Ligand code: CP
């Protein structure tokens, strides 16, 4: 496929190629001159209908490091507020001779919808509670960097699984590489279909932490909840919040990940997020190299 809409569409070989390419780009990013000319004939629009810090900035930086021309579109300051549709908005951007669209959207399936209605390559930067493929790829890259291989690793994804695109993309990405995956959280935040994906389900935080090599701590997605959040944030943090005392009580050392943004004191305390067990900022660093790899490989499929 000429798009990256979800991990669902990737084979294990596709994932390995992206991660190997990202490793080469990470070497480039550690040199004094961080830029390569690979995409100097390409223009990319970052089209964000939902807020973002890490994804938007790292896509923009990845594009600049590849020498692409970039433009940024935030729906909140655009003519979307005057009623312009998604397809009209993107077709107007494409009329300015843009080649590729990186899009974040609050609705699941928005990337697939767009790919069927406009003539451009689409990269999904997060669509509602559906997929966030580049996040899962950078998470796998970070696990591989820490352990040498993703295959055989035990990864627990802990928190609000129901509203999380990071959870679904990570489950698919990790399983395709031969990792074992567990989800952990309150029953109200774990969707019933999850067992059909072949993941373990655990409701006890300590058991999940003692099982895993890597704990990926997710935040509570208050913005995706129609009714009052259950359990409350205070209850959640008492039952599922990870603190130093819990980490020190485990049978073994584990690695802590978090896609961000962190709600310090809710799902994770600062003494864990900022500890030597945490690779949270490595994930952010690796996001640039992984997004360079994705854009570079997709640009090779232009036609
Ligand atoms: N991890 C992530 O997607 O963060 P942003 O929402 O800030 O892009």
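The values are calculated or read from the model by the stated rules, or taken from the named source; none is laboratory data. Small disclaimer: the values here were computed from a predicted structure and weren't measured. All Cβ positions, even for glycine, are placed from backbone atoms using ideal geometry, and neighbour counts span all protein chains on display.
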Of 185, 198, the only residue that is under 20 Å from the mean Cα position of the chain (by Cα) and in contact (Cβ under 8 Å) with a residue 12 or more places away in the chain is 185
Expected output for the stretch 41-60 (first residue free of Cβ contacts under 8 Å to residues at least 60 places away in the same chain, partner in a loop (DSSP other than H, G, I, E, B) and surrounded by fewer than 22 Cβ atoms within 10 Å (Cβ to Cβ), Cβ below 6 Å, 6+ apart or cross-chain) is 43/98; 43/99; 45/98
Examine the stretch 149-160 for a residue that is modelled with pLDDT of 95 or more, closer than 21 Å to residue 13 by Cα and out of contact with any helix residue (DSSP H, G or I) (no Cβ under 9 Å at 6 or more places or on another chain), and state whether such a residue exists. yes
Checked the stretch 54-78 for anything modelled with pLDDT under 95 and more than 16 Å from the ligand (Cβ to nearest atom); matches are 77, 78
When residue 81 is run through (1) part of a helix (DSSP H, G or I); (2) in contact with a strand residue (DSSP E or B) (Cβ under 8 Å, 6 or more places away or on another chain), the failure sits at (2)
Note on the stretch 105-122: residues buried (at least 24 other Cβ atoms within 10 Å of the Cβ) and either at positive phi or within 16 Å of the ligand (Cβ to nearest atom) (or both) are 111
Residue 172 meets each of (1) touching a strand residue (DSSP E or B) at 6+ places or on another chain (Cβ under 9 Å); (2) surrounded by 24 or more Cβ atoms within 10 Å (Cβ to Cβ) with one exception, condition (2)
Here, helices (runs of 4 or more DSSP H) confined to the stretch 242-303 with at least 3 residues that are more than 21 Å from residue 184 (Cα to Cα) are 280-299
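Take the residues in the stretch 37-53 that are over 11 Å from residue 104 (Cβ atoms) and in contact with a helix residue (DSSP H, G or I) (Cβ under 7 Å, 6 or more places away or on another chain), then tell me which one is farthest from the ligand (Cβ to nearest atom).
38
Residue by residue, here is whether (1) within 11 Å of the chain's Cα centre (by Cα); (2) assigned to a helix (DSSP H, G or I); (3) within 14 Å of the ligand (Cβ to nearest atom) holds:
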| site | (1), (2), (3) |
| --- | --- |
| 125 | yes, no, yes |
| 136 | yes, yes, yes |
| 139 | yes, yes, yes |
| 143 | no, yes, no |
| 146 | no, yes, no |
| 150 | no, no, no |
| 157 | no, no, yes |
| 160 | no, no, yes |
Worksheet item: Has the stretch 10-30 got any residue that is without any contact (Cβ under 8 Å) to a residue 12 or more places away in the chain and either assigned to a loop (DSSP other than H, G, I, E, B) or touching a helix residue (DSSP H, G or I) at 6+ places or on another chain (Cβ under 6 Å) (or both)?
Response: yes
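In this structure, is residue 295 under 30 Å from residue 101 (Cα atoms), surrounded by 13 or more Cβ atoms within 10 Å (Cβ to Cβ), at pLDDT 95 or above and assigned by TED's automatic domain parsing to the domain that holds residue 120? I'd like the intermediate steps shown before the answer.
Numbers: under 30 Å from residue 101 (Cα atoms): yes; surrounded by 13 or more Cβ atoms within 10 Å (Cβ to Cβ): yes; at pLDDT 95 or above: yes; assigned by TED's automatic domain parsing to the domain that holds residue 120: yes.
Yes, satisfied.
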Quiz prompt | Condition check for residue 101: crowded, with 22+ Cβ neighbours inside 10 Å, within 25 Å of residue 283 (Cα to Cα), within 19 Å of the chain's Cα centre (by Cα) and not assigned by TED's automatic domain parsing to the domain that holds residue 15 | solution = no
